[in-house]
Amino acid sequence: MGFTVEPWAKEWLEEQRSKGSKCLEIKVSNGNHYVYRSTSRYDKESKGPKKMSEYLGSLTENEGFVPKEKDARRRSKTISVRETGTVRVMDKCAGPLFDILKDIFPDNYDQLYALSLIRCTGRVPLKRASSCWEKYENIRNLKPAMSPGSLSDMLESVGCDRDSQNRVFAKMEMDCKELAFDLSQFFSSSDTVPYAEDGYNPDHEDTPQINVVLLCSQETGVPVMMRALPGSIRDVKTVCSAVKELDREDVTLVMDRGFYSDRNVRLLDNSGLKYVFPVKRNNQMYNTVNVNEYDTFEYHDSLIRFGKGRYDRHWLYRFKDESMRAGEERNIFGKYREGILTTEEVEKKKRTMGQMLIVSNLDLDPEEIYLMYKRRDKAEKRFRVFKSDLEADVTYLRDNMTVNGHIFVSFLSMYILANLEDHLRRSGSLSKYSACDVLTEYSKTYAVKTEDGLIDYEVPNKLEKLDAKLGFNIFPILRS
């Protein structure tokens with residue numbers, strides 16, 4: 001070995017000696033600095049001292065001292081670099097999902113789990129599923145077949161097995177008393193999907209549609225069940241059956257005003273389920289209960305006035321939001337000035353501006369009913385995620401069973417994302433970080449595998465602090 005030690009290396013050595021470290025020596029080879037601990041022992045053959053050197057690691061001007069274990073990894077040839085933080089967060093938020101799928105779908109669990117994880121990261125169609133999966137560290141040593149054809153076959157097989165899907169739904173740990181019920185649709189012109197039928201939708205599209213029902217826990221925002229329905233069906237009979245299938249009859253269904261009809265009320269009354277949903281503002285029941293001037297509570301800094309009354313077998317709850325009324329009044333008179341609304345139309349709308357009438361078979365405090373309805377926005381957020389993902393694969397929806405399989409995977413992804421948001425809420429971080437923000441930050445962590453089989457984890461210091469703050473504690477585990 002040549003021995004030309006750079007000045008910065010000499011300074012490091014002097015610093016270590018001043019701290020009490022003894023017997024350190026720096027050797028140089030091919031311009032690289034290496035640290036040894038040099039001692040001597042008695043040699044019987046030479047009858048004198050013999051120098052002994054133990055290699056400790058390398059030394060660089062930028063990194064400083066690198067222990068021999070890390071140095072070996074650094075100098076060993078890298079054979080793969082994979083994202084690891086993202087997949088570890090998703091796996092952690094999946095909770096018991098992996099074991100549940102492995103038990104109930106032993107032939108398809110690896111594909112189901114892999115596809116549900118990558119769907120959490122955004123709009124990933126089946127044709128890109130394999131490439132997306134390969135960029136992550138395989139933390140569970142799965143070997144799923146991820147080609148579009150293999151995944152389509154799997155989705156059809158899973159979609160046929162409704163009983164097994166119900167077993168997955170039932171095994172999810174969800175102690176919820178309120179279920180938000182919502183319905184959305186996506187469009188398909190395929191003539192091989194019987195679910196695709198003409199039906200009502202907010203945009204009045206003429207393209208055949210498939211309806212999807214979502215039941216979501218209002219307490220946590222975690223989805224409980226998803227089902228596909230023919231596009232022409234819009235009543236709650238199927239939902240009543242689904243709740244009974246899950247053996248969750250002691251819950252309250254909370255719905256939007258679009259589901260109110262005499263038929264749906266009768267179906268709910270006959271089912272024995274509890275329900276809460278508003279009616280449209282042109283409904284004549286508005287005339288049966290008044291808002292009381294001095295009966296008030298506050299919601300998000302808005303003053304809410306209310307009234308309560310009995311109507312047939314139901315309770316009516318009428319609410320008036322003063323802040324909402326002011327906004328609607330500006331909008332309505334703006335349209336009046338533009339000639340869009342007549343004086344008669346304005347007078348008619350003024351009667352119910354900023355108001356909401358809720359029908360329920362529950363006799364509760366009006367504020368409790370109001371808050372129950374307001375909590376249902378979590379279901380709407382879940383659906384926005386769902387539609388973006390599922391519409392990426394419309395071309396692969398070849399029949400009803402494949403549709404059911406796609407919706408089941410969307411449910412699994414929504415379950416993971418909802419658990420992530422619930423974790424952020426409980427840690428007090430949801431106001432600062434969304435689920436997307438967290439997954440983006442954790443995507444900056446990599447697992448570097450070398451040809452000798454060793455794996456090193458590259459974790460930004462900023463992310464380690466965020467990980468500790470959020471309470472996931474992933475990186476101390478990686479380094480243990």
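Odds and ends about this structure:
- Gained length - residue 371 relative to residue 430, 0.36 nm times residue gap less alpha-carbon distance: 19.3 nm
- Close amide H pairs (under 5 Å, H built 1.01 Å from N) link residue 292 with 306, 307, residues at least 5 positions away or on another chain.
- Between residue 288 and residue 150, the contour length at 0.36 nm per residue exceeds the alpha carbon distance by 43.8 nm.
- The label point for residue 45 and the one for residue 331, both projected 7 Å from the Cα toward the Cβ, are 9.5 nm apart.
- Going by neighbour counts of Cβ atoms within 10 Å, the residues 216, 176 line up, fewest first, as 176, 216.
- Global form of the stretch 7-75, assessed from the alpha-carbon gyration tensor, a/c cut-off 1.5: prolate
- Label point distance in nm, residue 141-residue 36, each placed 7 Å from Cα along Cα→Cβ: 4.0
- Working ranking of peptides 159-172, 128-141 by packing, defined as the average number of other Cβ atoms within 10 Å per residue, highest first, is 159-172, 128-141.
- Phi-derived couplings, Karplus 6.51 cos²θ - 1.76 cosθ + 1.60 at θ = phi - 60°, listed residue by residue for the stretch 267-276: 4, 5, 4, 6, 6, x, 7, 8, 8, 9 Hz, with x used for Gly and Pro.
- Oblate is the label for the stretch 401-465. Its Cα gyration tensor axes, ordered a ≥ b ≥ c, give a/c of at least 1.5 and b/c at or above a/b.
- Integer Hz, Karplus 6.51/-1.76/1.60 couplings in order for the stretch 313-326, x for Gly and Pro: 9, 10, 9, 10, 10, 10, 10, 10, 9, 5, 5, 5, 4, 4
- Inter-site label distance for residue 302 and residue 465 at 7 Å from Cα along Cβ, in nm: 3.9
- Cα-Cα over 23 Å, subset of 68/449; 68/135; 27/51; 92/177: 68/135; 92/177
- Taking GluC sites (Glu not before Pro) across the stretch 291-356, the ones in a DSSP loop with at most 16 further Cβ atoms lying within 10 angstrom of their Cβ are 338.
- Sparsely packed trypsin sites (Lys or Arg not before Pro) within the stretch 412-462, loop by DSSP, other Cβ within 10 Å at most 10: 432
- Taking the stretch 7-75 and dividing mean pair separation by its residue count, relative contact order in percent (alpha carbons under 8 Å, at least six apart): 22
- A simple packing score, the average count of other Cβ atoms within 10 Å per residue, orders the peptides 6-16, 410-420 as 410-420, 6-16, with the highest score first.
- Near the amide H of residue 224, within less than 5 Å, lie the amide hydrogens of 215, 216, 217, all on another chain or at least 5 residues away, with H placed in the peptide plane.
- Proxy reagent accessibility, fewest Cβ within 10 Å first, across 280, 274: 280, 274
- Residues 305, 41, 351, sorted so that the one with the fewest Cβ neighbours within 10 Å comes first: 41, 351, 305
Rule-based calculations on the coordinates, nothing more; no lab input. Since the model is a prediction, treat every value here as computed from it, not as a measurement. Because the Cβ atoms are built from the backbone with ideal geometry, glycine has one as well, and the counts that use them run over all protein chains shown.
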